[in-house]
Structures are given as C-alpha cells and as structure tokens.
Amino acid sequence: MLCLRRSTTLLLAATCLLVCSGFSKAAFSFRTTLSLERAITCDDLNNVQQLTCDSGVISVQAALYGRADSKTCSEGWSPQQLSNTNCAQQGTTSVLKERCDGKRVCQINTNVLRTSDPCYGIYKYLDTIYTCIAEKRSVTCEGSVLNLQCDKGKVLYIHSADYGRHDQTTCSYQRPAGQVQNVQCSRASNIVAQSCNGRNSCTVSASNSVFGDPCGGTYKYLEVAYICY
C-alpha cells in the first residue's frame, strides 16, 4: 500500500506536475497561483485514498485512475504489468469532485472507480491533485436577510449553516441581556445549502419561520460557512 501526499505553491511546478504525470489531457486551469496537494494511492481492494485540508475545504483539480508512468506503484509488479503508461479511466475527476469538493476530509476507496478496466492486465493507481480553498463566513442577525454573492463565473457551495447563538457579542446591539445570555443555542440546517448550492447568488431570511426556533426568547443569528468556486 502506498499513500503519498505532497504540496507545492509554484504555478510553474504545478503545471509541470500535471503534464509529467499524464494530466495533460485533463481539463485543468488556474485562475491564480494555488497551493496544491497531491495524493497517490496504489490500486488494491482495501486501499483508501484520503484527501485532507487543515484549513479550508477540498477542491479537486484533476484525478487519474490508471497509469501514466512505469515507476509509480511499481514495486513487486512485472514490467509487462507496468508497460501501458497511457492508461486513464474516463470520468475519474468528476467522481472525485462529486465525492470530495467542499469537504475538509474525504476518503475514496479505489473500488468506486472500477466501473470498467481502461487497460486490462496493467497495475493501476489513483493520482489526485487538489487544492484547499479558504472558507468565507457570513453572519446575519435574526430578522434580516442573508445575501451571498460570488464573482462572475463562480458558484456557491455551502459547507455549513447554523441558526442560533454561540456567544453574547454577535448581533447583540441594543438587545436586552436576557436575549443574548443563552450561548448553547444551535440548529444546524441544510436549508441554505438547498437554496444556494450551485448558484452565483442567493438570499435566505434569517428567521424562525424558515429555520424554526431552537431557543425561545433568545435573539439569534444565522452563521454560514461557504466558498465560491
């Protein structure tokens, strides 16, 4: 079993990494210099690839299931089983993006990629390049409207949304002390994600009528963590 994780912040090095690893045919572009992570997992029934972002959330840039060179994951295999270096399962990047984008940690068993065999008799591996996108946070006081907007060409992905109160200072202006004392008030919700994911902009009312009332008598706020990608 081999699991490898590396990072680089150089755009030139990242581009070379993709081309030299067989990603030259993949749809891949940079809007700016990114910090890239790379994970390589040899193909095996029980091997699991883990993508991790210590800060921010995962955004898969490219993924290869197959073989692009004769050295990666080669120990113990015959030259014939490593000979095809132009082997790639179609749709691998889409599978990884669907399962991992927007998460802090993602685990993928190579079993999910064996829908067909792109090169019979060749020992394969999963090679994934991803970046960690910093989350944005928005706080909307009860009775107001959350308004999220991404730049042109980008869409929203909601990582988390919570309606309640976690401290005595947020949304506390001119509120009686009794309305901000309960800081153990929380209601996680997927309503914002359902309304906003995949859209360039969206609005959601921060109100009990939308989220219910997790703590009567407490003045609440809606806290949302999201990215634009």
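The values are calculated or read from the model by the stated rules, or taken from the named source; none is laboratory data. These numbers come from a predicted model, not from an experiment. Here Cβ is always computed from backbone atoms with ideal geometry, including for glycine, and neighbour counts include all displayed protein chains. All accessible areas refer to the heavy atoms of the entire protein, side chains included, with ligands and DNA or RNA removed. Shrake-Rupley method; radii C 1.70, N 1.55, O 1.52, S 1.80 Å.
Step through the residues of region 133-140 one at a time and calculate ³J(HN,Hα) from phi using the Karplus curve (6.51 cos²θ - 1.76 cosθ + 1.60, θ = phi - 60°), rounding each to whole Hz and writing x for Gly and Pro.
9, 5, 6, 9, 10, 10, 10, 10
What per residue convex hull volume, in Å³, comes out for region 139-229 when only alpha-carbon positions are used?
Expressed per residue, the convex hull around the Cα atoms of region 139-229 is 85 Å³.
Send over the per residue convex hull volume for the chain, Cα only, as a whole number of Å³.
142 Å³
Once a ≥ b ≥ c are taken as the square roots of the eigenvalues of the Cα gyration tensor of region 38-126, is the result rounded (a/c under 1.5), prolate (a/b larger than b/c) or oblate (a/b not larger than b/c)?
Prolate.
What would the Debye formula give as log10 I(q)/I(0) at q = 0.14, 0.15, 0.17, 0.34 Å⁻¹ for the alpha-carbon point model of region 171-214, no solvent?
Log10 of I(q)/I(0), two decimals: -0.48, -0.54, -0.66, -1.22.
Angle check, please: helix 11-20 long axis (alpha carbons) against the longest principal axis of the chain (alpha carbons), in degrees 0 to 90, nearest 10.
40 degrees
When the convex hull of the Cα atoms of region 47-94 is projected onto a plane and the area is averaged over all directions, what value comes out in nm²?
4.6 nm²
So how much slack lies between VAL112 and CYS215, counting 0.36 nm per residue of separation and subtracting their Cα-Cα distance, in nm?
Extending this stretch completely gives an extra 32.8 nm.
Simple spin-label model, 7 Å along Cα-to-Cβ: SER201 to TYR120 in nm?
5.5 nm
In square angstrom, what is the accessible area per residue of region 76-120 with a 1.4 angstrom probe?
64 Å²
Report, in whole Å, the centroid distance computed from the Cα atoms of region 173-228 and region 75-130.
40 Å
At a 10 angstrom cut-off on C-beta neighbours, averaged per residue, how do the peptides 103-112, 143-152 rank from highest to lowest?
Ranking the peptides 103-112, 143-152 by packing returns 103-112, 143-152.
Counting only Cα, what are the radius of gyration and maximum Cα-Cα distance Dmax of region 94-150, in Å?
Taking only Cα atoms of region 94-150, I get Rg and Dmax of 18.7, 62 Å.
Could you work out the percent of alpha carbon pairs in region 66-198 separated by over 22 Å, rounded to a whole number?
Tail fraction, whole percent: 60.
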